[in-house]
Each structure stands twice: as C-alpha cells, then as structure tokens.
1. Could you go through the range 115-122 and let me know if any residue there is free of Cβ contacts under 8 Å to residues at least 40 places away in the same chain and touching a Ser or Thr at 6+ places or on another chain (Cβ under 6 Å).
2. Within the range 35-110, considering only strands (runs of 3 or more DSSP E) that don't extend past its boundaries, which have at least 1 residues that are surrounded by fewer than 19 Cβ atoms within 10 Å (Cβ to Cβ)?
3. Examine the range 123-143 for a residue that is of a type in the set (A, V, I, L, M, F, W, C), exposed (fewer than 14 other Cβ atoms within 10 Å of the Cβ) and touching a strand residue (DSSP E or B) at 6+ places or on another chain (Cβ under 8 Å), and state whether such a residue exists.
4. Look at I69 and say whether it is at pLDDT 95 or above and under 18 Å from the mean Cα position of the chain (by Cα).
5. For the range 144-177: of the residues being of a type in the set (A, V, I, L, M) and at pLDDT 95 or above, which is surrounded by the fewest Cβ atoms within 10 Å (Cβ to Cβ)?
6. Within the range 132-150, is there a residue that is assigned to a strand (DSSP E or B), of a type in the set (F, W, Y), at negative phi and in contact with a Ser or Thr (Cβ under 8 Å, 6 or more places away or on another chain)?
7. When you go through T100, T153, T128 one by one, which is the residue that is under 20 Å from I34 (Cα atoms), in contact (Cβ under 8 Å) with a residue 24 or more places away in the chain and of a type in the set (S, T, N, Q)?
Amino acid sequence: MPQPAPSIPSPRPIGAPKLVVGVADLQSTGDRTIRVITHALGSCIGVTAWDPRTRATGMLHYMLPESKISPDKAERQPAMFGDLGVPLLLERMKALGADTRRLVVCAAGGAEVVADGGTFRIGARNRTILRKLAWKHGLLLAADDTGGNFSRTLSIDAECGTVRIRTQGEERTLWAA
C-alpha cells in the first residue's frame, strides 16, 4: 500500500509571536512558539540555523562580507559583517544547547540590487564569504535562495524548522523537515 506524502507544516497562524531580525542584527531563541523573520534581504544575506533536537533557532541578517573595512563598526555591530556574524550565530546556538553537527542552516539574499555596473558586487561578495565560512565551520547549507536581483523576506518556524521565502509577492517553502 503506498505511503501518503509527508505533509509540510502550515505557517503559524496570524498573530503568532514573531521575533524580528533587523538589518545588521542577530537573534536566537529557545522558544518553540516563535517565528523568526527578517525583511528586505537585497544584497544582504539572511542565515537561519535550527537544531532539530533542541529546537534552538537563530537568524543573522548581515550587510557586508568582511569587518576589516570598518573595525569601529565591527566592534559595535558585529552582526553587520558575515565574517563576525556567522561565528556569533554559532556561539549563540551553542549557548542554547544546539550541536553544530545537527544544525540545519539555510540562507537567502545576496542579490545584486544596486545599479552600480558591477563595481561593488556586494551580493556576490556576501555569497562568497558565506560559502567560505560554511566550509571553515563544517556547515552544510540545507537550502539557499541567493543571487538574482530582487529582495526577499526570510522566516523560520522554531517548532518545526520550516524556512520560508517571500519574494515578488509569492511565498514558498525553502526547507521543511
């Protein structure tokens, strides 16, 4: 007898608690009732991390790849930079009892939304640093929606780990258990 297809968890009801991650921000939680969300991922990259055993959930929204361009800002806002924000996200996840070997990591953003003729290529540089950091920390991206020339909204449901992307008026599941 054929097995039914696994169901994809439905989105949290409207009014369910949200934890909003701002630009150059990092949030983590052990609260399973929360949906963590960030908006306006253009050239910025949003990184989600979720431990399926502890349900520890975190999200980073970084703007720039490397902190060496502004050490003063890096000291005040480490989540602004990928090279500092990703390790900080991992530290926060560990503090919540997560094991980095179990983490489900997803990413979105890294678009080229600024019409600069390709001079700065912030989106591409942000994508490159993410790949380097994932390799350095032994992380495998379970899913990503990066590149292009459009912004995204990224969310993760702390209970089930479902990651969703909203872009160009459409919402879809990026990753589900």
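The values are calculated or read from the model by the stated rules, or taken from the named source; none is laboratory data. Just so we're clear, the structure is a prediction, and the values are computed from it rather than from any experiment. Cβ: placed from backbone, ideal geometry, glycine included. Neighbour counts: every protein chain shown.
1. Filtering the range 115-122 for residues free of Cβ contacts under 8 Å to residues at least 40 places away in the same chain gives 115-121.
Then keep just the ones that are touching a Ser or Thr at 6+ places or on another chain (Cβ under 6 Å); that gives none.
The answer is no; no qualifying residue exists.
2. Values: elements: 35-41, 45-50, 57-62, 104-109.
In the range 35-110, 35-41 are the strands (runs of 3 or more DSSP E) which contain 1 or more residues that are surrounded by fewer than 19 Cβ atoms within 10 Å (Cβ to Cβ).
3. In the first step, residues of the range 123-143 are kept if they are of a type in the set (A, V, I, L, M, F, W, C); the result is 124, 129-130, 133-135, 139-143.
Remaining after also requiring exposed (fewer than 14 other Cβ atoms within 10 Å of the Cβ): 135, 140.
Narrowing further to those that are touching a strand residue (DSSP E or B) at 6+ places or on another chain (Cβ under 8 Å): 140.
Yes, the conditions are met somewhere in the range 123-143.
4. Working: at pLDDT 95 or above: yes; under 18 Å from the mean Cα position of the chain (by Cα): no.
No, not satisfied.
5. Keep residues of the range 144-177 that are of a type in the set (A, V, I, L, M), which gives 154, 156, 158, 163, 165, 174, 176-177.
After this cut, where a residue has to be at pLDDT 95 or above as well, the list is 154, 156, 158, 163, 165, 174, 176.
Numbers: L154: 27, I156: 28, A158: 23, V163: 27, I165: 22, L174: 20, A176: 15.
Looking at residues that are of a type in the set (A, V, I, L, M) and at pLDDT 95 or above, I get A176.
6. As a first pass, look at the range 132-150 and keep what is assigned to a strand (DSSP E or B): 141-146.
Checking the rest, the ones that are also of a type in the set (F, W, Y) come to none.
No, the conditions are met nowhere in the range 132-150.
7. On the way: T100 fails: under 20 Å from I34 (Cα atoms); T128 fails: under 20 Å from I34 (Cα atoms).
After ruling out the rest, the residue left standing is T153.
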